Amino acid sequence: EAGVTQFPSHSVIEKGQTVTLRCDPISGHDNLYWYRRVMGKEIKFLLHFVKESKQDESGMPNNRFLAERTGGTYSTLKVQPAELEDSGVYFCASSPPPPFGLGEQFFGPGTRLTVL
Amino acid sequence: LAKTTQPISMDSYEGQEVNITCSHNNIATNDYITWYQQFPSQGPRFIIQGYKTKVTNEVASLFIPADRKSSTLSLPRVSLSDTAVYYCLVGDRSGGGADGLTFGKGTHLIIQP
């Protein structure tokens, strides 16, 4: 079974441009999460979808970030306009609905975003 | 959220047993203890989870004392491929474990030949 996939693996853009990251969760996983790690910092939670609904977006840094999950399948995270401090690795994770699993989350390989 | 404290880094040799201890003094009654492993250029990967006493799977063991204020991840007979960052996470699973995870700095484990 395919794991969580993310696209692109690496993106380099200039300050002020727009970038859209995509995440395809494991099939059947209602829960989808976005995280990011900026240089030298810890992995931080951004937001959580349950199907197509935003369950928790307390970690979203500001309104330049927009996450969507239309249809409850894949999700996109758009950064517009990108700033230098947005550089980092963006991880997506998914998990099945309770009571399945141990509450573990399955992470994708991440998208490395570099803003110049 | 319970704060966790782990060693910043550890070194060991192939074939040894490695124990990484995590402190979580203000763990709450509903909190579980979970360990993730992360290799360079990859996302974190779930290793093991427990609430109390001892949990063992095919990869590791997790020892949790009665007061639950700490936990120890035990990796038996490590190999070079176990070189990675190991994260200790503490969180509430009462909602089914579907909350966002809180990562700390992790422990950089380096295995030498």
Within region B:61-113, the residues that are among the small types (G, A, S), at pLDDT 95 or above and in contact with a Ser or Thr (Cβ under 6 Å, 6 or more places away or on another chain) are B:S61, B:S70, B:S74
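Please return the ranges of strands (runs of 3 or more DSSP E) entirely within region A:41-116 where 1 or more residues are in contact with an Asp or Glu (Cβ under 6 Å, 6 or more places away or on another chain). Please lay out each step first, then the result.
Details: elements: A:44-50, A:53-56, A:65-68, A:75-79, A:88-95, A:111-115.
Here the list reads A:44-50, A:75-79, A:111-115.
Sort out which residues of region B:42-52 are surrounded by fewer than 19 Cβ atoms within 10 Å (Cβ to Cβ) and without any contact (Cβ under 8 Å) to a residue 12 or more places away in the chain, and write them in order of number. Before you say what the answer is, go through the steps one by one.
Of the residues in region B:42-52, the ones surrounded by fewer than 19 Cβ atoms within 10 Å (Cβ to Cβ) are B:42, B:45, B:51-52.
If the condition is that a residue be surrounded by fewer than 19 Cβ atoms within 10 Å (Cβ to Cβ) and without any contact (Cβ under 8 Å) to a residue 12 or more places away in the chain, then B:Q42, B:R45 are the ones that fit.
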What tally of residues in region A:68-101 results from selecting those that are surrounded by 14 or more Cβ atoms within 10 Å (Cβ to Cβ) and within 13 Å of chain B (Cβ to nearest Cβ)? 11
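Given the criteria assigned to a loop (DSSP other than H, G, I, E, B) and either within 14 Å of another protein chain (Cβ to nearest Cβ) or touching a strand residue (DSSP E or B) at 6+ places or on another chain (Cβ under 8 Å) (or both), does B:R77 qualify?
Numbers: assigned to a loop (DSSP other than H, G, I, E, B): yes; either within 14 Å of another protein chain (Cβ to nearest Cβ) or touching a strand residue (DSSP E or B) at 6+ places or on another chain (Cβ under 8 Å) (or both): no.
Criteria not met by B:R77.
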Starting from region A:38-54, take each residue that is within 12 Å of chain B (Cβ to nearest Cβ) and list its partners that are part of a strand (DSSP E or B) and among the β-branched types (V, I, T), counting only C-beta distances under 9 angstrom and pairs at least six apart or across chains. A:I43/A:V89; A:K44/A:V38
Report yes if some residue within region A:25-35 is surrounded by 17 or more Cβ atoms within 10 Å (Cβ to Cβ), within 14 Å of chain B (Cβ to nearest Cβ) and over 25 Å from B:I48 (Cβ atoms); otherwise report no. no
Among the residues that make up region B:6-28, is at least one of them of a type outside the set (G, A, S), more than 14 Å from chain A (Cβ to nearest Cβ) and without any contact (Cβ under 8 Å) to a residue 12 or more places away in the chain? no
Is it the case that B:F39 is surrounded by fewer than 19 Cβ atoms within 10 Å (Cβ to Cβ), farther than 27 Å from A:S94 by Cβ and either within 10 Å of the chain's Cα centre (by Cα) or among the aromatic types (F, W, Y) (or both)? no
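The values are calculated or read from the model by the stated rules, or taken from the named source; none is laboratory data. Fair warning: this is a prediction, and the values are worked out from it, not measured in the lab. We place every Cβ from the backbone using ideal geometry, glycine too, and count neighbours over all the protein chains shown.
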